[in-house]
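Each remark here refers to the structure printed beneath this line.
The values are calculated or read from the model by the stated rules, or taken from the named source; none is laboratory data. Not measured: the values here are computed from a predicted model. Every residue, glycine as well, gets a Cβ built from its backbone with ideal geometry; the counts of neighbours run over all protein chains shown. Please note that ligands, DNA and RNA were not included when accessible areas were found on the heavy atoms of the full protein model with its side chains. Shrake-Rupley method; radii C 1.70, N 1.55, O 1.52, S 1.80 Å.
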Amino acid sequence: MPHVAVIPKPNSPVELREVPTPELEQNSALFGVELSEVCGTDVYLQKGLLQGVPYPLVPGHVSVGRLSTIRGKLFDVEGREFREGDRVTFLDVHRTCNACWYCLVAKATTRCPQRKVYGITYGLDDGLCGGWAEQVYLKPDTRVIRLDGDPELFMAGGCALPTALHAVERGEVAIGDTVLVLGSGPVGINTVILALMRGALRVLCIGAPAHRLEAAAQAGASDVLNFEEHNESERLEWVRDRTSGRGADVTIEATGAPDAVVQAMRFTRDAGCVVIVGQYTDHGPVSFETAFNPHLDLNKKHLDVRGCWGSDFSHFYRGVQIVSDPIKSKPWASLRSKLSRYKLTQSNDALADVAEGRVLKALIELK
Ligand SMILES: [Zn+2]
Ligand SMILES: [Zn+2]
């Protein structure tokens, strides 16, 4: 009987429960969890801020562990068969249909209405489907990826890694660009690393608090600014001072603050590109004070503004390859030392620390 951590309903503390080991369908597996991430999405889940979530729910959408039992056969994307004992991770998105209008015509699988997400839109009634647990049930057709590299290095990137990879791809960061990242949480910091990897000349980062800005600088940001100590016009001036008065070539918003979306446009040069990745949950409209002006802030600037929702297998797969590479993974090594570990019984502490920004990245450790 595996132990799991459950959010019973919105705004309730996490409870520990014991649930029966499921009967395995053909071509499925049980996954013994080693580490599972605690991220901002889990805080929103606990507060009931995500739509379409079936409570009670076992959180934890990005995890590493070992295949403890396999029924039938499981293969990776390269056709190699998995064996029991292999260390793996898996794409949290399941059941993208490849049959609907979004999948086939728009080629935007992250908008597929059939998709389900382990730890987010699969609830406890769907089985052992979250990583804050001793075991996860990998249903048939779950996309499993072999993890040959250091599991902690992979978790130092965590779910922010494929998200950030998708964001720099959407931003089409080019060699020699000056990229501005708004936000210094896990997505912001991973974006700094990946924008440089894509060829940015330098990356500027505006965020808070100080310990996260330090992490952004360690990750490669050439200059950082604490937004809590500077108003919007001071921030704009700071960006212009570093971009010959023009603004950033590409700005990636990873904050969760609606006003930052408009600021991202203002901090970007004319004919530049803006990617919005930090509004994964509904934080409401832009404030009245921000006074978004469609002519001045968007049209006259000839901006390309793009939303970036979720990530797909390609982002997850490429992320795993990068953090498994001895040289390319180096920027994540400094983040590994900043991981905070919690036992399953400490899930509420982990959530509180993430909610308050006291830790950079929290992990539930099952050992
Ligand atoms: Zn579909
Ligand atoms: Zn996450």
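Within the range 99-110, residues that are closer than 17 Å to Arg306 by Cα sit with their Cβ atoms under 8 Å from residues that are open to solvent by less than 40 Å² (accessible area, probe 1.4 Å) and near ligand 1 (Cβ under 6 Å from one of its atoms), at 6+ positions apart or across chains, in these pairs: Thr109/Cys103.
Looking only at residues of the range 73-103 that are touching a strand residue (DSSP E or B) at 6+ places or on another chain (Cβ under 6 Å) and within 16 Å of ligand 2 (Cβ to nearest atom), we find that the one that is nearest to Val14 (Cα to Cα) is Asp92.
In the range 104-122, the qualifying residues are those that are part of a loop (DSSP other than H, G, I, E, B) and more than 16 Å from ligand 2 (Cβ to nearest atom), and the one that is least open to solvent (accessible area, probe 1.4 Å) is Cys112. Considering the range 19-62, the residues that are over 24 Å from Gly188 (Cα atoms) and of a type in the set (Ser, Thr, Tyr) include one that is farthest from ligand 1 (Cβ to nearest atom), namely Thr21.
How many of the residues making up the range 62-103 are of a type outside the set (D, E, K, R) and in a loop (DSSP other than H, G, I, E, B)? Before the answer, list the steps.
If we filter the range 62-103 for residues that are of a type outside the set (D, E, K, R), which is where we start, we get 62-65, 67-70, 72, 74-75, 77, 79, 82, 85, 88-91, 93-94, 96-103.
Remaining after also requiring in a loop (DSSP other than H, G, I, E, B): 62, 72, 74, 77, 79, 82, 85, 91, 96-100.
Qualifying residue count, the range 62-103: 13.
Scanning the range 146-168 for residues that are outside any helix (DSSP H, G or I) and within 16 Å of ligand 2 (Cβ to nearest atom), we see that the one that is least open to solvent (accessible area, probe 1.4 Å) is Gly158. Applying the condition of being surrounded by fewer than 20 Cβ atoms within 10 Å (Cβ to Cβ) and assigned to a helix (DSSP H, G or I) to the range 7-46 and asking which residue is nearest to ligand 2 (Cβ to nearest atom) yields Gly40.
For every residue, the table says whether it meets (1) touching a residue at least 24 places away in the same chain (Cβ under 8 Å); (2) of a type in the set (A, V, I, L, M).
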site: Ser311; (1), (2): yes, no
site: Ile327; (1), (2): no, yes
site: Lys330; (1), (2): no, no
site: Arg341; (1), (2): yes, no
site: Leu344; (1), (2): yes, yes
site: Ser347; (1), (2): yes, no
site: Ala350; (1), (2): yes, yes
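Tell me, please, whether a residue that is over 30 Å from Leu74 (Cβ atoms), away from ligand 1 (no atom under 16 Å from the Cβ) and part of a helix (DSSP H, G or I) can be found in the range 169-176. Looking for residues that are over 30 Å from Leu74 (Cβ atoms), away from ligand 1 (no atom under 16 Å from the Cβ) and part of a helix (DSSP H, G or I), one finds at least one in the range 169-176, hence yes. Restricting attention to the range 183-235, which residues are among the acidic types (Asp, Glu) and in contact (Cβ under 8 Å) with a residue 12 or more places away in the chain? Asp223, Glu228, Glu232 - these are the residues of the range 183-235 that are among the acidic types (Asp, Glu) and in contact (Cβ under 8 Å) with a residue 12 or more places away in the chain. Residues in the range 337-355 that are outside any loop (DSSP other than H, G, I, E, B) and open to solvent by less than 80 Å² (accessible area, probe 1.4 Å): 13 in all. Restricting Asp148, Asp125 to those that are more than 16 Å from ligand 1 (Cβ to nearest atom), farther than 24 Å from Gln51 by Cα and of a type in the set (D, E, K, R) reduces the list to Asp148.
Across the range 273-295, the number of residues qualifying as farther than 27 Å from Cys159 by Cα and surrounded by 15 or more Cβ atoms within 10 Å (Cβ to Cβ) comes to 2.
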